[in-house]
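Read-outs throughout are calculated quantities, based only on the coordinates presented, and are distinct from any laboratory measurement. Just so it is clear, the structure is predicted and the values come from calculations on it, not from any experiment. In this analysis, Cβ positions are derived from the backbone assuming ideal geometry, glycine residues included, and neighbour counts consider all displayed protein chains.
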Amino acid sequence: MEKILVERFRAQLNVADIPLSEHELMDAFRDFDVVLPTVSDRLPAAVFPPSPRVRFLGNFGVGFNHIDIDAARQAGIMVTNTPGVLTDCTADLAITLMLMVARRAGEGERQLRDGEWAGWCPTHMVGRKVSGKTLGIVGMGRIGRATARRARFGFGMNIVFYNRSLQHDEELRSLGALQFDTIEEVMAQADFVSLHCPGGAENKHIINAGRLATMRQEAFLINTARGDVVDEAALIDALGERRIAGAGLDVFASEPSVPDKLKSMSNVVLLPHLGSATEETRTAMGMKVVENLEAFLEGRDPPDRVA
Ligand code: 8YV
């Protein structure tokens, strides 16, 4: 993205690649007009100095729970994000995780590479069928819907979902998607529970011990949303005690650190936050950041303003 920025804004901007520590970010807020953070850059209220020079935060990503939006608003700093362009790839990855964990793909690949595959036999690495099962979605936004479409039309799955607001429209009717009033009801019905709600204080640990206890023993949890949505310790307990069948996780509470207990579990698939990681999507995200920045510099309202 830096290359695109340098080329596009050579005349207007002096571009620097800033290290990530909170302290250095505070300095950046004093020294720069524009900062383009990613999900790895934690921007709590404490990072915002009293009279920051920065006027624009162009977040490289759709989720912005790592930025204290109220602090930005109070400081009069505009914040933008990159919605829409990563919907397909994130939904693709949710389906990848579902397939991998249910069909034991990661486990099987590790076994083969380790030279431990003893040959075909009827009971070798038997997993669970995905097609025709019930998918429970928590958060029926863009990515939730894209995941539901893939599951319904690609795998003939039944869709049930929870969403804060009531949703009924033509697309949901064509998916045969059934909305429930509570997350518990969705979790109790589903063979796979896939999380697609935003992170941040509002949704912190909405998947907790109590809710995990409502899941069926043969069900899987899939998370491509944010790590803090799930109480990781409670999930580790549920997985360890085989109260649920497994989990496919692309996001974690304290990235890039991942609990050793999770790493030691064979019924868990772990990916390093790859939701949007394709050439096409990362380029499109970069272009969105550029579009928003361009609008800001020209005094227009950026298309993806969140504050
Ligand atoms: C991005 C994501 O890669 O956009 C998001 O919210 O979670 C990821 O897919 C990440 O945010 C980059 O900053």
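A few notes on this one:
- Check on residue 235, hydrophobic (A, V, I, L, M, F, W, C), within 16 Å of the ligand (Cβ to nearest atom) and not in a loop (DSSP other than H, G, I, E, B): no
- Residues of the range 289-303 that are surrounded by 19 or more Cβ atoms within 10 Å (Cβ to Cβ) and over 17 Å from residue 41 (Cβ atoms): 296, 302.
- The listed residue being in contact with a helix residue (DSSP H, G or I) (Cβ under 8 Å, 6 or more places away or on another chain) and of a type in the set (Gly, Ala, Ser), out of 115, 132, 144, 108: 132
- Residues being surrounded by 15 or more Cβ atoms within 10 Å (Cβ to Cβ) and either among the hydrophobic types (A, V, I, L, M, F, W, C) or more than 24 Å from residue 254 (Cα to Cα) (or both) - total across the range 190-212: 9
- Complete set of residues in the range 202-232 that are hydrophobic (A, V, I, L, M, F, W, C), more than 16 Å from the ligand (Cβ to nearest atom) and either in contact (Cβ under 8 Å) with a residue 60 or more places away in the chain or touching a Pro at 6+ places or on another chain (Cβ under 8 Å) (or both): 206, 207, 220
- Looking only at residues in the range 33-42 that are touching a residue at least 24 places away in the same chain (Cβ under 8 Å) and either under 20 Å from residue 15 (Cα atoms) or loosely packed, with under 13 Cβ neighbours inside 10 Å (or both), the one that is farthest from the ligand (Cβ to nearest atom) is 34.
- Put simply, of 249, 274 the only residue that is touching a residue at least 24 places away in the same chain (Cβ under 8 Å), crowded, with 20+ Cβ neighbours inside 10 Å and within 16 Å of the ligand (Cβ to nearest atom) is 249.
- Taking the range 65-110 as the range and being of a type in the set (Gly, Ala, Ser), under 22 Å from the mean Cα position of the chain (by Cα) and within 21 Å of residue 221 (Cβ to Cβ) as the test, the residues that pass are 91, 94, 102, 105, 106.
- Selection from the range 43-60 of residues that are of a type outside the set (Val, Ile, Thr), more than 16 Å from the ligand (Cβ to nearest atom) and in a loop (DSSP other than H, G, I, E, B): 44, 48, 49, 50, 51, 52, 53, 55
- In the range 169-181, the residues that are touching a strand residue (DSSP E or B) at 6+ places or on another chain (Cβ under 7 Å) and not aromatic (Phe, Trp, Tyr): 175, 176, 177, 178, 179
- Inter-residue pairs, beta-carbon under 7 Å, first within 14 Å of the ligand (Cβ to nearest atom) and in the range 278-295, second in a helix (DSSP H, G or I) and among the hydrophobic types (A, V, I, L, M, F, W, C), 6+ apart: 278/89; 281/89; 286/4
- Residues being of a type in the set (Asp, Glu), under 26 Å from residue 210 (Cβ atoms) and surrounded by 13 or more Cβ atoms within 10 Å (Cβ to Cβ) - total across the range 165-189: 2
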